1. Looking only at residues that are more than 25 Å from the chain's Cα centre (by Cα) and small (Gly, Ala, Ser) in the stretch 526-585, which one is farthest from residue 294 (Cα to Cα)?
2. Does residue 437 fit the bill of being under 28 Å from residue 489 (Cα atoms), open to solvent by 40 Å² or more (accessible area, probe 1.4 Å) and among the hydroxyl-bearing types (Ser, Thr, Tyr)?
3. Answer yes or no as to whether residue 520 is at negative phi, among the β-branched types (Val, Ile, Thr) and either at pLDDT below 95 or more than 22 Å from the chain's Cα centre (by Cα) (or both).
4. Has the stretch 168-188 got at least one residue that is modelled with pLDDT of 95 or more, within 20 Å of residue 602 (Cα to Cα) and out of contact with any Cys (no Cβ under 7 Å at 6 or more places or on another chain)?
5. Would you list the strands (runs of 3 or more DSSP E) that sit entirely within the stretch 176-289 and hold 2 or more residues that are open to solvent by less than 10 Å² (accessible area, probe 1.4 Å) and within 27 Å of residue 147 (Cα to Cα)?
6. For the structure I just gave you, tell me whether residue 582 is among the acidic types (Asp, Glu) and within 23 Å of residue 387 (Cβ to Cβ).
7. Are any residues in the stretch 544-601 over 22 Å from residue 354 (Cβ atoms) and among the aliphatic types (A, V, I, L, M), and if so, which ones?
8. Give the residues of the stretch 341-368 that are within 25 Å of residue 598 (Cβ to Cβ) and out of contact with any Gly (no Cβ under 8 Å at 6 or more places or on another chain), sorted by residue number.
Amino acid sequence: MAKKNDGKTTAKKRAPAGTAAAKRKAKAAEAKAQEPIERIEAVVPEAAAAEAVKEELPKVETVEAVQEEAPKAKTTEAVKEEAPKAEEAVQDEAPKAEAAEAIQEEAAEVRTAEEEVETAASVEVNTTPRRSIAFIGSECYPFVKTGGLGDVMYALPKELVKQNCDVKVILPRYKCIPQKYQEKMEYRGSFQMDLCADGRSFYVGIMEYVWDGVVYDFIDNEEFFSNGSPYTNLVDDIPKYCYFAKAALAALNYLDWVPNIIHCHDWQAALAPVYLRTQFANTKLTTAKTILTIHNLRFQGVYNVPTIRYWSGLPDYVFNKDALKEGWQDANMMKGGLTYSNIITTVSQTYAWEIQSAYYGEHLDAHLRYHSGKLRGIVNGIDCDIWDPNTDDRLYANYAAANVLEQKKENKRKLQEELGLVQDDHKFVIGLISRLTDQKGLDLLNAIIPQIMDEHTQLVVLGTGDRVYEDSFRYYEGAYKGNVCSNIMYDETRAHRIYAGADALLVPSQFEPCGLTQLIAMHYGTIPIVRETGGLKDTVEPYNVFENRGNGFTFDRYEAGLLLDAINRAKTVYFDGRESWDEMIRRDMEKDVSWENSAKQYKDLYLELT
């Protein structure tokens, strides 16, 4: 490696003089063809002289430079005298000139190849020990996605492949998966699996799809996965995900693929660690370690004990207060997974701390405090291949940190035009891309919209959710025509354009395990205004007006007045301190929000476990 770095340094220091350039071309041609350079020089000596003349002529045009460098001036005069002769020679010998052009093209190709080799040499090769990981989850982009879990199940395995991991992702084969993916799946086998307490068995099919170095195995069963949506209601979802958790382990057994780590996600896969330690205790899989990641603790898979006992077929002893049992009559699938997994992770460090309190713990705070020794927090990232303002084809104008200020204005004007807002560069455009629910802090926003809206402010809303919020935002669009646009829907293209065209993005959540919108906003040069909770607190540093640092505006307590204060502080900097605002935009765009660092933390955790 040291020799390659020395070579790169030497290449950068080579002088771009005419003779040096000729030597470089000859050297490049020699490197590619591995033949004596005399062969090339013998083809067209006159054309080579003309090429040298063309390279030296610009130096002659600057008289002052000639005066400062006398030796170069003498060379230039000689070149001037020989230039007409060389040009005549080239005109007289057209075939030779064409040969020279061919040589130049060949040399250019060699230089390009050298640059690619140097770039490849500079890429860091991951040398950490290789591990095999099985991901088990209920959704994954682009096959099926309803929230942040789908993004994680897609982006994290892809990044772990670069971290020297062998990754398999196990998903249900829902009927709603687009046909273009369904038709590329390959049949890997099938078998019958005992599931219920009375011995009732079900078909398990395995369909495989390989993409970006990741193997996706889909569990096929029409009885459970024929519905058009991954989630319907608990009556249907409890049997569905009892089946899925056990079928995922049975599929690994059937394929004879024993991973080092089985990484389960949310309550839909939470029974997998329980099954592994009970019904699969005498199989090869028992050597695998298990991790359960909590993406949102509010959803736990709670239902009455007899139903879950029947559909899971688990032994009676797991239905106790330390494992699956909750209260007097219910069983909690998430609680069972927390008990039997080797490690518990959440999607941010602050959320890992918060869920051990009664306010955020969703009745599992005491259980999580008991298991706090195996609780970790690793913040999510975003897929910068999808979310890249410099290449995003959904935007009106692409941009990078170098030209963000000019191009964001263009995106802002076009967004205002598309949404029927008053087109004015002076306006402060606030974006909100969210599910319209209480969790997202929309009760706070509803209470202060009349105080936010003035002649300098516009509000753009995108999302669906609770009827009360949908109707409320429709009302405000009518009340502030031309300055409020409420898109009660979800449109991916419009979301990208709001990220690029808005000046600020609101995320006033009551709780937020991680949050991706603030990460995307920063990557697109849009300033986040967030509440200090969960991943929002971990990723957004509050702006400090005295030191001119930070990358967003924050408030702590869940109060409408504090949200209004944060918005007003942002508007003050936008209108009265534009230079500081522009610097914050560039800081946000340069902030590393990719999955690379998060994947390294997960890899370290896998190595720690194994």
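1. Among them, the one singled out is 577.
2. Spelling it out, it is not the case that residue 437 is under 28 Å from residue 489 (Cα atoms), open to solvent by 40 Å² or more (accessible area, probe 1.4 Å) and among the hydroxyl-bearing types (Ser, Thr, Tyr).
3. In short, no.
4. yes
5. Hits in the stretch 176-289: 201-211, 214-220, 261-265.
6. When the stated conditions are applied, residue 582 passes them.
7. Scanning the stretch 544-601 gives 545, 564, 567, 570, 573, 584, 585, 589, 599.
8. Hits for the stretch 341-368 are 341, 342, 343, 344, 356, 357, 360, 361, 362, 364.
The values are calculated or read from the model by the stated rules, or taken from the named source; none is laboratory data. Note that the coordinates shown come from a computational prediction; the quantities given were computed from them, not determined experimentally. So basically every Cβ, Gly included, is an ideal-geometry build from the backbone, and we count neighbours across all protein chains shown. Just so you know, the surface numbers come from the protein's heavy atoms only, side chains and all, with ligands and any DNA or RNA stripped out. Shrake-Rupley method; radii C 1.70, N 1.55, O 1.52, S 1.80 Å.
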